[in-house]
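The values are calculated or read from the model by the stated rules, or taken from the named source; none is laboratory data. What you are looking at is a predicted structure, and each value in this text was computed from that prediction instead of being measured. When we count neighbours, we look across all protein chains shown, and the Cβ atoms used for this are built from the backbone with ideal geometry, even at glycine.
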Amino acid sequence: MRGTPARVVAVTLGSLLILCVSLAAAFAFGVEHVDFRRAFSDPDSVDGVILFKERMTRGALAALVGAALSPAGVAFQALLRNPLADPYVLGVSGGAAVAGAAAIVLGGAAGFLGGWDLPVWAFFGALGAIAIVYAFGRVRGRLVPNVALLAGVVLNALASALVLAIRLLAEPNAAHEAMYWLTGNIGPVEPSKLVVLSVYVAVGVIGLFAMAVPMNALALGDESAHAVGIDTERSRRLIFLAASLLTGAAVAFAGPIGFVGIVVPHVLRGILGPDHRVLIPASALVGGAFVVIAHLLARLALLVVGRELTVGVLTALAGAPFFLWVLRRRGTERFF
């Protein structure tokens, strides 16, 4: 199916509706009972604080994190021509986590608590990780998707070891802060941080959307891309850069949350087809809805025992079986 302007608008509006419904559910339901009339009439009341400073900020953060990770997954899958490529599996989230954990432990995250710098640390960590994957994934001057994917798996294991080493060497308070962040948690956040994350996500998603046509060509292979006049190396670098920015921003604000970049793009590609002019905006909005719903379920899953799962745990519990199902179902089939 072609990504005509009318189709892009229609799919985007439909995806936006899904996101709005999921956000409404996240605001309406929670552990505590909220009197909505009192909350809206008096935002400083207990009900107002729960609704606006707790549920609303956490829901917005979940939406932005999903809107970052899902398009990043679309981009990596297009470049590697593999449905199993996503920021988490490729080690990009791991690279961002190593840099972010180091920033927290070394005190570099003090500025992050005010805004911009931890996302920068995480971005460079993600960029370094994808540079390593790209370097080791090239065989005789050409990127071999399966080799790059295997390099990412190895890098992910290395990143986990480095994070563990950082935690062991850190002061107890810093180690606890880093551990909480590394579980992939959607916690209450200040509105100023949401503005910062929105900027990073908007730049990354717009950058990927601008590269949608080259992604369509690259998904068919370098020969096909060259045949239609695409500068493959330049396009690949720009796409990697935008996807790394999205991954770094998401990891900086919520920690590494896995499998969002596999589940959402795979489902959407089956429904909407492979045109990235449609997939990029749809994946951003539906990815946001997916993480919002996961966040809501994580809040309510252990309500009986008075505890709360982190989103990273829930997405792993759902995404790992999905990953294995895709691996089993696809086998050696051609993905694109």
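Miscellaneous remarks
- For the residues Arg7, Arg55, the requirement of being out of contact with any Leu (no Cβ under 6 Å at 6 or more places or on another chain), closer than 20 Å to Pro281 by Cβ and not hydrophobic (A, V, I, L, M, F, W, C) singles out Arg7.
- Listed by first and then second residue, the pairs linking a residue in the stretch 182-202 that is on the phi < 0 side of the Ramachandran plot to a residue that is hydroxyl-bearing (Ser, Thr, Tyr), with Cβ atoms under 6 Å apart and 6 or more places separating them unless they lie on different chains, are Thr183/Thr310; Asn185/Thr310; Pro188/Thr57; Val189/Thr57.
- If only residues of the stretch 197-210 that are crowded, with 23+ Cβ neighbours inside 10 Å and either of a type outside the set (Ser, Thr, Tyr) or modelled with pLDDT of 95 or more (or both) are counted, the one that is nearest to Ile50 (Cα to Cα) is Leu197.
- Helices (runs of 4 or more DSSP H) fully within the stretch 7-111 counting 3 or more residues that are over 22 Å from Leu246 (Cβ atoms) and more than 22 Å from the chain's Cα centre (by Cα): 36-41
- Sole exception among (1) within 30 Å of Tyr134 (Cβ to Cβ); (2) among the small types (Gly, Ala, Ser); (3) modelled with pLDDT of 90 or more for Ala85, by number: (3)
- Pairs linking a residue in the stretch 273-292 that is crowded, with 24+ Cβ neighbours inside 10 Å and of a type outside the set (A, V, I, L, M, F, W, C) to a residue that is modelled with pLDDT under 95 and assigned to a loop (DSSP other than H, G, I, E, B), with Cβ atoms under 9 Å and 6 or more positions apart or on different chains, are His276/Gly3; His276/Met211; His276/Ala219.
- Criterion violated by Ile257 - all others in (1) under 14 Å from the mean Cα position of the chain (by Cα); (2) within 18 Å of Val8 (Cα to Cα); (3) not small (Gly, Ala, Ser) satisfied: (2)
- Matching residues, the stretch 35-74, being out of contact with any helix residue (DSSP H, G or I) (no Cβ under 6 Å at 6 or more places or on another chain), of a type outside the set (A, V, I, L, M, F, W, C) and surrounded by fewer than 20 Cβ atoms within 10 Å (Cβ to Cβ): Arg37, Ser41, Asp44, Lys53, Glu54, Thr57
- Some residue of the stretch 187-196 being surrounded by 15 or more Cβ atoms within 10 Å (Cβ to Cβ), of a type in the set (A, V, I, L, M, F, W, C) and closer than 13 Å to Gly95 by Cβ: no
- Subset of the stretch 221-239 [touching a residue at least 24 places away in the same chain (Cβ under 8 Å) and in contact with a Leu (Cβ under 7 Å, 6 or more places away or on another chain)]: Ser235, Arg236, Ile239
- Note on the stretch 39-59: among residues that are aliphatic (A, V, I, L, M) and touching a residue at least 24 places away in the same chain (Cβ under 8 Å), the one that is nearest to Val195 (Cα to Cα) is Met56.
- Taking the stretch 161-176 as the range and being buried (at least 16 other Cβ atoms within 10 Å of the Cβ) and at pLDDT 80 or above as the test, the residues that pass are Leu162, Val163, Ile166.
- Failed criterion for Arg140 (all others in (1) more than 19 Å from the chain's Cα centre (by Cα); (2) modelled with pLDDT of 85 or more; (3) at positive phi hold): (2)
- When we screen Asn156, Asn173, Asn146 for residues that are part of a helix (DSSP H, G or I), of a type outside the set (A, V, I, L, M) and in contact with a Leu (Cβ under 8 Å, 6 or more places away or on another chain), the only hit is Asn156.
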